[in-house]
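One structure below.
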Amino acid sequence: NMINNLKPINLADKISELSGIDVFANNRERKVVEVRALLTYLLRDKLKMRWKNIVLFYDQNGKKINMANVMHSYKKYPYYQQHNSDLINLQSQFIFDNDISHDEINQIDYLEKKCKRLEKKLEEQLNK
């Protein structure tokens, strides 16, 4: 059974569950690095997340990683895939609608700022 259009955290959890590898582990073991590269690839290519949001996403889930590392991981993924058929099997479990975009961290940020602006406006009105 295929797994459809997941949010970033659900995608990460599902990859961890299926692979038995914690994608957020602060661990440089090859198998961890490769499965994390799969997640990065899916976040970037399928969920259309921005680099900085992928970095933020890892950070929010306890994985310290910088943008250069994220981009390197993404670039290496096709190479890992050639040498590890488990990655292809894992990747084939997920289906994405091409028009879906989950830059959700950005959206939350936008909404928080909008709320603050509205609160400020309201305060100004009340204090007139």
(request) Pick out the one residue from Asp86, Asp59 that is at pLDDT 85 or above, open to solvent by 50 Å² or more (accessible area, probe 1.4 Å) and out of contact with any helix residue (DSSP H, G or I) (no Cβ under 9 Å at 6 or more places or on another chain). (result) Asp59
(request) Check Met49 against each of (1) at pLDDT 95 or above; (2) of a type outside the set (Gly, Ala, Ser); (3) closer than 19 Å to Ser16 by Cβ and name the one condition it does not meet. (result) (1)
(request) Consider only pairs whose beta carbons are under 7 Å apart and that are at least six residues apart or on different chains; among these, list those whose first residue lies in the stretch 74-91 and is within 18 Å of Gly20 (Cβ to Cβ) and whose second residue is open to solvent by less than 70 Å² (accessible area, probe 1.4 Å) and among the acidic types (Asp, Glu). (result) Tyr80/Glu34; Asn84/Glu34; Leu87/Glu34
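Hey, among the residues in the stretch 20-54 that are in a loop (DSSP other than H, G, I, E, B) and open to solvent by less than 60 Å² (accessible area, probe 1.4 Å), which one's farthest from Met67 (Cα to Cα)? Explain how you work it out, then say what you get.
Keep residues of the stretch 20-54 that are in a loop (DSSP other than H, G, I, E, B), which gives 20-29, 47-50.
Filter once more, keeping what is open to solvent by less than 60 Å² (accessible area, probe 1.4 Å): 21, 23-25, 27, 47, 49.
Working: Ile21: 22, Val23: 16, Phe24: 15, Ala25: 17, Asn27: 17, Leu47: 17, Met49: 13 Å.
Out of the qualifying residues, it is Ile21.
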(message) Exactly one of these conditions fails for Ser19: (1) free of Cβ contacts under 8 Å to residues at least 24 places away in the same chain; (2) under 16 Å from Leu90 (Cα atoms). Give me its number.
(response) (1)
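Looking at Lys120, Lys64, Lys75, Lys116 in this structure, which one is surrounded by 11 or more Cβ atoms within 10 Å (Cβ to Cβ), over 21 Å from Lys14 (Cβ atoms), modelled with pLDDT of 85 or more and among the basic types (Lys, Arg)? Let's see the steps before the verdict.
On the way: Lys120 fails: surrounded by 11 or more Cβ atoms within 10 Å (Cβ to Cβ); Lys64 fails: surrounded by 11 or more Cβ atoms within 10 Å (Cβ to Cβ); Lys116 fails: surrounded by 11 or more Cβ atoms within 10 Å (Cβ to Cβ).
After applying the criteria, what remains is Lys75.
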(request) Look through Gln81, Gln125 and report the one residue that is farther than 20 Å from Asn4 by Cβ, in a helix (DSSP H, G or I) and either modelled with pLDDT of 90 or more or open to solvent by less than 50 Å² (accessible area, probe 1.4 Å) (or both). (result) Gln81
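Could you pull out the residue among Lys48, Lys7 that is under 15 Å from the mean Cα position of the chain (by Cα) and on the phi > 0 side of the Ramachandran plot?
Details: Lys7 fails: on the phi > 0 side of the Ramachandran plot.
Lys48 is the lone residue from the list that is under 15 Å from the mean Cα position of the chain (by Cα) and on the phi > 0 side of the Ramachandran plot.
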(message) So Asn106 passes all but one of these: (1) of a type outside the set (A, V, I, L, M, F, W, C); (2) at pLDDT 90 or above; (3) in a helix (DSSP H, G or I). Which condition number does it fail?
(response) (2)
(request) Name every residue in the stretch 23-50 that is in contact with a Lys or Arg (Cβ under 9 Å, 6 or more places away or on another chain) and closer than 24 Å to Ile95 by Cβ, in order of residue number. (result) Val23, Phe24, Glu34, Arg36, Ala37, Arg44, Leu47, Arg50
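The values are calculated or read from the model by the stated rules, or taken from the named source; none is laboratory data. Quantities reported herein were computed from a predicted structural model and do not represent experimental measurements. Please note: Cβ atoms are built from the backbone with ideal geometry, for glycine as well, and neighbour counts cover all protein chains shown. Side chains are part of the model used for accessible areas, which takes the heavy atoms of the whole protein and leaves out ligands, DNA and RNA. Shrake-Rupley method; radii C 1.70, N 1.55, O 1.52, S 1.80 Å.
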